[in-house]
């Protein structure tokens with residue numbers, strides 16, 4: 001069974017925290033990611049995966065990162081297809 005997990009990156013810390021999430025689909029994993037974000041105050045990024053598939057990267061707006069991606073997901077897919 002492929003698990004949902006996230007990798008928490010903290011500014012200036014060389015080690016990463018890996019957390020397995022109790023989720024059965026992408027939507028429940030994204031909802032579980034909100035809890036992880038609340039627990040890790042000061043994180044720089046949190047990357048959500050399902051196996052090797054990247055689902056979402058969340059950046060900390062308190063550190064000046066944008067809340068939403070600068071390039072919309074549909075545009076990213078078009079760029080990948082064109083490459």
Between rounded, prolate and oblate, where does segment 4-58 land on the alpha carbon gyration tensor, with a ≥ b ≥ c its root eigenvalues, rounded for a/c under 1.5, else prolate if a/b exceeds b/c? prolate
Would you please put 33-40, 44-51 in order of how densely packed they are, using the mean number of other Cβ atoms within 10 angstrom per residue and starting with the highest? 44-51, 33-40
Please find the FRET efficiency linking residue 52 to residue 10, where r is the Cβ-Cβ separation and R0 is fixed at 22 Å, and quote it to the nearest 0.05. 0.45
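Coordinate-derived values only; no laboratory data. This one's a predicted model, so the numbers in the text were calculated from it and none came from an experiment. Please note: Cβ atoms are built from the backbone with ideal geometry, for glycine as well, and neighbour counts cover all protein chains shown.
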